[in-house]
Every structure is written in structure tokens, then in C-alpha cells.
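Undergrad: After the C-alpha cells below, expect a handful of questions from me.
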Protein chains: 2
Amino acid sequence: MKVVSVGAGNLATCLMRAMKKAGMEVVQVYSRTVRNAQRLGEELDCGWTTCPEEVRTDAGLYVFSLKDKALPDVIARVRPNEGLWVHTAGSMPITVFEGYASRCGVMYPLQTFSKERQPDFNRIPFFLEAVSEKDAAVLATVARSLSGQVAFLPSEKRKCLHLAAVFACNFTNHMYVQAARLLEEAGISFEVLLPLIDETAAKVHEMAPAAAQTGPAVRYDEPVIAKHLELLADPDRKELYRLISRSIHKEAEK
Amino acid sequence: MKVVSVGAGNLATCLMRAMKKAGMEVVQVYSRTVRNAQRLGEELDCGWTTCPEEVRTDAGLYVFSLKDKALPDVIARVRPNEGLWVHTAGSMPITVFEGYASRCGVMYPLQTFSKERQPDFNRIPFFLEAVSEKDAAVLATVARSLSGQVAFLPSEKRKCLHLAAVFACNFTNHMYVQAARLLEEAGISFEVLLPLIDETAAKVHEMAPAAAQTGPAVRYDEPVIAKHLELLADPDRKELYRLISRSIHKEAEK
């Protein structure tokens, strides 16, 4: 199957590597910037372009992995063709393709992607959506060649899943960022936190997150909370601490 | 070495199990509540009491694992003796023992503990503090019999470490709680998030957390952020989303 990657960001890069490894033929990469288009084109050993109108029309699968705000415009500029057009966005409905693609779908991999690190695709849950049964079957075959966890999910539910993922991943990582800054200021290596970070993640494999909660906020240990607020010099960090602690305590009282 | 556990909460429970397994003799458990004192006493097959004045005076090591607000009062009520008194609290200075213990120290295990789950102690970093060199050596021997990662750290630095741990663990777990609630409302199983949670933790073994950040806030994808805020019915959750997204974006602009 010939594949075009419309996008060359973190997700596109990791997904195209996995598709190539699974035997698909990536024939072209589009990106708004020369730097990203060329970088990924060269890595995948295929053509690249920065112009949506120059996207080839002979591929079987077009994978749009772009910022949500760029997606509609680029879809409108790619020349109509007979390929299956899919996007990989959590919060975009399948209807974004209406009027532009003769065949369309969604292939949403629930994972955090950075170019510098290739995750194990076999463990990534893929959530699919398609209009026709035929395209659903095509998408399922593609996704199953990449991962052992493939399911169909409509746009409305995918939106909720994406929002939950923002909390579980992006916001979690921001808590790591805050911890790293605090340790940096104290001259302590971030590495000492890794066993704690790992155990925090491992616990919710066995227990519901609400049952796994520990720390001063859940046991409402006021002297600790007061000391921590005093220790936090940065006003934004202090506000984060206050709001999240209050939310933990509220949750515990339910 | 005879050990008394002054406390029977999550940390005390997991630590005493590990000490017993390492060959130490736990001789008594104190807790404010009969339920906890009896539960841990029976699990460890030793005596228990709910009265600080009844704590035995013949042990070699007294491990105080209590809420910060309870600690000074209980320390004042345990009868003076020749044992080494240590606490396990991140934010309490070693000076809390002044005037009560002839020998004192701190043994702070940097981990999240729930009674229902025994973590691998060998990977837990222990941060120690003592007044005399002799007691420092005793504490180091005890800690090294439990874990491969033992270091000394003064109270001032331990306070910062504890605060960083609150962000990396307690606040992170609260993000998991929020994600779980959102999925529950959408009728989706929390399990689908586990590979994402694991990868988010795994990434920061290889990359600095700031470099690992992904998602709508860091790329400032306004349409996604607006949709998410619209989707969040709960006002507290909406405020969390807004504040954390703003903080991520600020961090990215640095």
C-alpha cells in the first residue's frame, strides 16, 4: 500500500517509521516547513513537498497528522483522488473531510510521540472510524499490521478519550516538569524521582487512581501544605499547588 | 535489631513488612486507632497499643511514621529511652526530636505507599539524616539492608525533595483520577490509558520532562483547547485544565 504522510511532526514521524517497518511504502511527505518535510523525507527515503497542491494523487492511503487549526485548510488544498484519507487527531470529527475526500476515516493512536523516541507500536491502542464498511475493513487491516490493540470509536467518544489523554499524559508530564524545576533549584538530580514516577504509573494498573492517591492533600495534612506553599517562590507554581491540592481534597471527601 | 513502629498507616505498613523481611524484629506497633494498630500488629505478629505512653522502651529503633500534625505530640508522649528515634517525613526537620530523644535521625523513603501494594524496596531511594556519626552509621546499615539506593540529605534539601515528589507523584495521580472520571462519564474503560501512562513515565527516563512535553497546550493548538474547555462540564476540572494549559504554554515559551 502506497502511503502519503500529510504532516511531518512528532506523530507523523513515529507513525511513518512504524508503517514503513510494517511493509507499507511511504511515497511522499508533506510539511509546511522545508526543514521538517526534508528531514522526514530523507529519513524515509521518499519524496517531499511543502505545497499541498503538489501532494501525489496515486497513493492508497493519505495520513493527515497536522495541528487541528491547519487541518481544514490543507485538506481543501490536496487534489481530489481515489485514495483513503484519514486523520490522526483526537478532537477532530470525521466530517472535516466532507466535500473533499471521496473516501475518508480516522486512525487515532492513543500515545505521546516525540521524534527522538520510537514507542512500541504493538502496545498502542488505535481507535478507528470510517464512513463505508469497505474503508473500515481497509483501516482495520492497516491498524492491525501496526498494533495488537485496534477498536472502532465514533468522533463524539474519541473527543472524550482525547481530553482524558491530555490529563493522563500532557498534564502529568507538566507535573514532572514542575518537579524537575524544583529539584534543579535545590541542586538535586531529577533521576532520584524515577522510581517514584514509575511506581505511581504502575499502581494504577492494579488500583483505581482514586484509591491510589497518597500525600499531604488527600490526608489533609495542613502543616505540610502550609510549608509547601511557603517554599514555592514562583507564583504560578504556587497557584498550581493550591488548586490541585484543593481538588485532591475535594475528591477524597466524595 | 528490635524495631517499634510508631504509626500504622500506608508508609508504616509497607516499611515494617520490608524490615521484617530483611530480618529485623518488629516488636510493637502504635497507632491512634485500634483498627490500624491491631491490623498491623496482627499482620506482623507483634504487640500493639493505641497509647504513646505504652510504647516499649527496650527497642533499638523507633520509626515514627505519622501525619506531620500528629508527630510532635506523639514524640513528646513516648517515654524516653536509649533507642534511636527516626521519622520518615519529607517535610519535618530532624529537630522535631529535640528535648525528647537522646539519639535521633531521619529515614525518608522516596516512594508512594498504599497498604494494598508492596513496592520493590530495593529500588526505593532512602534519604537519611542523623546527629551523631555513630547513629548515621546505624541508620545507613538499616537502610542498606532494605534498599540499594541510600544517601544522606539534610532537612532543608529533603523539604524540597518532598515538594518535588508531591508534584511528580500525588499531583500526577490526581491527573489520572481526572482522566478516569472523564472516561467513566464517556463509558470507556480506564485500561485504554495504561500504555499512554506508561510511556509518559518511560519517556522521562530518556528525555528531560520539558523536552518530552506534547499535546495541544505546548503547541498552542487553540481550537483543541477551546473544544476541551467546552467539553468540561465540571467547573473545578475546567479550572484545572485552564491553569495547567496556561502553565504548559508559559513553560514552552521560555
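The values are calculated or read from the model by the stated rules, or taken from the named source; none is laboratory data. Since the model is a prediction, treat every value here as computed from it, not as a measurement. Neighbour counts are summed over all protein chains in view; Cβ atoms, including those assigned to glycine, are modelled from backbone coordinates with ideal geometry. With ligands, DNA and RNA removed, areas are computed over all heavy atoms of the protein, side chains included. Shrake-Rupley method; radii C 1.70, N 1.55, O 1.52, S 1.80 Å.
Undergrad: If you take each beta carbon of peptide B:234-246 and count the beta carbons of other chains within 10 angstrom, what is the mean?
TA: Values: counts 1, 0, 5, 3, 0, 3, 7, 4, 1, 6, 11, 4, 3.
Per-residue shielding by partner chains comes out at 4.
Undergrad: In sequence order, what are the phi-derived ³J(HN,Hα) couplings for segment A:66-76 according to the Karplus relation 6.51 cos²θ - 1.76 cosθ + 1.60 with θ = phi - 60°, rounded to whole Hz, with x for glycine and proline?
TA: 9, 4, 4, 6, 8, 4, x, 5, 5, 4, 5
Undergrad: What area, in nm² and to one decimal, does the C-alpha convex hull of the protein assembly as shown cast on average over all directions? List each step's numbers first, then the result.
TA: Details: hull surface 96.9 nm².
Mean projected area of the Cα convex hull: 24.2 nm².
Undergrad: Estimate the FRET efficiency between B:R144 and B:K21 by the formula 1/(1 + (r/R0)^6), using the beta-carbon distance for r and 22 Å for R0, to the nearest 0.05.
TA: Details: r = 14 Å, r/R0 = 0.66.
Efficiency at R0 = 22 Å is approximately 0.95.
Undergrad: Taking a probe of 1.4 Å, how large is the accessible area per residue of segment A:55-151, in Å²? Display every interim value, and only then the final one.
TA: Values: 3840 Å² over 97 residues.
Result: 40 Å² of accessible area for each residue.
Undergrad: Let me ask something else. Report, by chain and number, residues whose modeled amide H sits under 5 Å from the one on A:R103, excluding near sequence neighbours (fewer than 5 apart, same chain).
TA: Under 5 Å from the amide H of A:R103 lie the amide H atoms of A:W85, each far enough along the sequence or on another chain.
Undergrad: Modelling each spin label as a point 7 Å along the Cα-to-Cβ direction, I'd like the A:A211/A:R77 distance in nm, to one decimal.
TA: Going by the 7 Å Cα→Cβ label model, 5.2 nm.
Undergrad: I'd like to know how segment A:123-254 sits against the 2.2 N^0.38 Å rule of thumb: what's its Cα Rg over that expected value?
TA: Values: Rg = 19.9 Å, N = 132, 2.2 N^0.38 = 14.1 Å.
For segment A:123-254, the normalised Cα radius of gyration is 1.42.
Undergrad: Place the peptides A:185-191, B:20-26, B:30-36, A:213-219 in order of packing, highest mean first, counting for every residue the other Cβ atoms within 10 Å and averaging per peptide. Kindly include the intermediate steps, with their values, before the conclusion.
TA: On the way: A:185-191: 13.7, B:20-26: 15.3, B:30-36: 17.3, A:213-219: 21.7.
Answer by packing, highest mean first, reads A:213-219, B:30-36, B:20-26, A:185-191.
Undergrad: Express the carbon and sulfur contribution to the solvent-accessible surface of segment A:1-67 as a percent, rounded to the nearest whole number, probe 1.4 angstrom. Walk me through the numbers before you get to the answer.
TA: Values: 1280 of 2810 Å².
The computed percentage sits at 45.
Undergrad: Given H placed 1.01 Å from N in the peptide plane, which residues other than close sequence neighbours of B:V26 have an amide H under 5 Å from its amide H?
TA: B:V3
Undergrad: While we're here: How much area per residue is accessible in segment A:174-254 when the probe is 1.4 Å and only protein heavy atoms are counted (Å²)?
TA: Values: 3390 Å² over 81 residues.
Ligands and nucleic acids excluded, the figure is 42 Å² per residue.
Undergrad: Sticking with this one: Using only protein heavy atoms and a 1.4 Å probe, report how much of B:H205 is accessible, in Å² to the nearest 10.
TA: Near enough 90 Å² of accessible area.
Undergrad: Within segment B:137-254, how many Lys pairs that are eight or more residues apart, or on different chains, come under 28 Å at the alpha-carbon?
TA: 15
Undergrad: Name the residues of segment B:167-201 whose amide N is less than 15 Å from a point 7 angstrom out from the Cα of A:E116 along the C-beta direction?
TA: B:200-201
Undergrad: Moving to a separate point now. To the nearest hundred square angstrom, how large is the accessible surface buried between B and A, total for both chains, probe 1.4 angstrom?
TA: Working: alone 14800 and 14820 Å², together 20410 Å².
Counting both chains, the buried surface is close to 9200 Å².
Undergrad: Got a number for carbon plus sulfur as a percent of segment A:173-252's accessible area, 1.4 Å probe?
TA: Details: 1610 of 3090 Å².
Result for segment A:173-252: 52 percent of the exposed heavy-atom area is carbon or sulfur.
Undergrad: Now, a different point. Name the long-range amide H neighbours of A:V6: under 5 Å, sequence gap of 5 or more, or other chain; modelled H, no Pro or chain starts.
TA: When sequence neighbours closer than 5 places are left aside, the close amide H contacts are A:Y30, A:V63, A:F64, A:S65.
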